[in-house]
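Reading through the structure tokens given below for one structure.
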Amino acid sequence: MEAILFLAHTEADGSLARPALEALGAAKAMAGPCGEAPLVVGLVGADVQAAANAVAGCGAARCLGVAGPDFEEARYASDAAAAEALCKTAAATVVIAAGTTRWCRVLPGAAQRLGGRVDTHVTGISATEGSLSVTRWYYRQRMEATLTRKQRPWIIVLDPGCHTPWTGKAGTAAVEPVAVDLPEACRRTTVTGVQAPPADQQTIRPDAELLFVAGAGWTKTQADGKGHATEAAGLIQDFLRKSQASLGGSKSVVDLKGEGQAVIPFMTHLNQIGQTGSTPRHPKGLSTCCHGEEPHVVGWRFVNERRAVNLDPNCGWARGKADVLYVADAFEVMRKVNALLGEK
């Protein structure tokens with residue numbers, strides 16, 4: 001019988017973020033089919049009591065915690081030691097964690113220390129009595145693979161947005177403290193501050209209801225024979241501010257800066273969708289001035305509702321790759337949309 005450990009780190013306010021609750025939902029769903037495997041909660045942070053209380057109703061057999069100032073900020077040495085200690089204390093054979101930047105950086109090393117194996121970017125977990133497998137995508141999300149492993153412990157890092165988050169009543173949890181002795185060599189890295197754009201300038205919002213994707217057409221010559229990249233940037237930024245949508249870009253538009261062409265100033269490679277860029281999982285997506293070539297569409301595989309604006313009725317989006325295609329000028333469409341949003 002498996003012994004399952006749900007591993008999570010707290011946020012700055014001591015809570016658990018949505019990806020962590022998704023991982024807990026996956027761990028709960030896996031525990032029953034695996035012969036009623038015992039579920040253990042393992043938390044890391046400056047103070048884990050509030051997070052433990054928030055998931056007290058999940059039915060875990062134990063709640064373990066590594067807490068203290070050394071574990072408040074993300075740091076490889078301390079996080080790896082904490083993960084290792086929690087896994088050993090729980091005697092876990094399977095570890096489920098969210099695919100946050102903090103855990104993705106640390107857990108492969110922790111698996112090496114434990115003599116186990118790790119799979120990251122997992123998109124699904126299937127469990128039956130005596131059988132456990134995971135699914136993930138390869139080759140730019142074109143191929144889906146199903147994996148099983150005999151080695152234990154098996155650390156499974158679940159991509160955010162792939163599972164229904166756990167919801168349940170809060171309570172009062174009894175946290176068993178797990179001591180981690182950190183030598184001075186593990187404290188050399190310190191966080192001196194955080195640099196982040198103002199909230200109204202943030203363009204990447206993973207939890208947004210809508211993903212707005214801009215293509216290179218925004219920077220090209222328009223009907224009047226001139227380029228209007230500055231106006232395009234204003235229209236897009238106005239829409240993002242009013243709708244609180246997340247911003248994506250095709251590979252062609254994010255590459256323009258390196259080619260010395262007119263660019264959308266706030267568009268970077270971090271916004272890239274498809275063709276080795278991110279694979280978004282927003283409920284809705286709107287693509288503008290994009291031809292929708294296959295690699296770009298592959299990046300949209302998990303967007304539930306896809307709409308596009310393009311002047312060309314024969315573009316890639318018109319050939320069955322979008323749920324709705326607007327054959328129109330994106331500049332005119334977005335001016336009207338921004339005006340309507342401004343009235344609300």
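For the range 126-242, the Cβ-based charge dipole about the Cα centre amounts to some 380 debye (Lys, Arg positive; Asp, Glu negative; other atoms uncharged).
Here the dipole of the range 4-187 is about 660 debye; that uses its Cα centre as origin and unit charges on the Cβ of Lys and Arg (positive) and Asp and Glu (negative). Note on the chain: GNM, Cα springs under 10 Å; of G248, G65, G277, the largest mean-square fluctuation is that of G277. In a reduced charge model with +1 at each Lys and Arg Cβ and -1 at each Asp and Glu Cβ, the range 199-343 shows a dipole moment near 220 debye about its Cα centre. Placing unit charges on the Cβ atoms of the charged side chains and taking the dipole of the range 4-187 about its Cα centre, the candidate lying farthest along the positive direction among Y76, V122, C186 is V122.
Amide H contacts under 5 Å for G65: L43, E176, V178, restricted to partners 5 or more places along the chain or on a different chain, H placed in the peptide plane at 1.01 Å from N. When you filter the GluC sites (Glu not before Pro) in the range 54-146 for DSSP loop state and at most 14 other Cβ atoms inside 10 Å of their Cβ, you are left with E129. For a quick check of your reading of the filter: which chymotrypsin sites (Phe, Trp or Tyr not before Pro) in the range 84-180 sit in a DSSP loop and have no more than 11 other Cβ atoms within 10 Å? Sites meeting the loop and neighbour criteria: Y139. Rg of the Cα atoms in the range 298-344, relative to 2.2 N^0.38 Å, amounts to 1.31. Counted over all Cα-Cα pairs of the range 199-343, pairs farther apart than 23 Å make up 27 percent. Computed from backbone phi with θ = phi - 60° and the Karplus coefficients 6.51, -1.76 and 1.60, the 3J(HN,Hα) list for the range 8-16 is 8, 10, 7, 8, 4, 8, x, 8, 10 Hz; x is used for glycine and proline. Taking the average, over residues, of other Cβ atoms within 10 Å as the packing measure, peptides 92-99, 157-164, 321-328 rank 92-99, 157-164, 321-328 from highest down. Tell me, how many Å apart are the Cα centres for the range 128-177 and for the range 217-289? When both Cα centres are located, 34 Å separates them.
Neighbour counting of Cβ atoms within 10 Å sorts the residues H282, H121, fewest neighbours leading, into H121, H282. Amide H to amide H, with H built 1.01 Å from N, S287 comes under 5 Å of V213, R307, A308, V309, counting only residues 5 or more places away or on other chains. Stretched out straight at 0.36 nm per residue, the stretch from A223 to A196 would grow longer than its current Cα-Cα span by 5.9 nm. Pairs of alpha carbons in the range 4-187 separated by more than 24 Å make up 31% of all such pairs.
Per the helix-only calculation at 222 nm, which mean residue ellipticity applies to the chain, given -39500 (n - 2.57) for every DSSP H run of n ≥ 4 and division by its residues, nearest 500 deg cm²/dmol? Here the helix-only value at 222 nm equals -7500 deg cm²/dmol. For the residue pairs K226/K251; K150/K284; K226/K336, the C-alpha atoms sit more than 32 angstrom apart in K150/K284. Contact order for the range 143-252, expressed relative to its length and based on alpha carbon pairs under 8 Å spaced 6+ residues apart, stands at 26 percent. Is the shape of the chain best called rounded, prolate or oblate, per the rule: a/c under 1.5 gives rounded, else a/b larger than b/c gives prolate, else oblate, with a ≥ b ≥ c the square roots of the Cα gyration tensor eigenvalues? Taking the square roots of the gyration eigenvalues as a ≥ b ≥ c, the chain is prolate. Once you've got the GNM for the chain with C-alpha springs shorter than 10 Å, pick whichever of G59, G109, G193 has the biggest mean-square fluctuation. Of G59, G109, G193, the most mobile in the Gaussian network model is G193.
Remark: the R18-R187 segment gains 58.0 nm on full extension, using 0.36 nm per residue and subtracting the alpha carbon distance.
None of the figures in this text is laboratory data; all of them are computed from the coordinates on show. Quick caveat: nothing in here was measured; it's all calculated off a predicted structure. Heads up, the Cβs are rebuilt from the backbone with ideal geometry, glycines too, and the neighbour counts pull from every protein chain shown.
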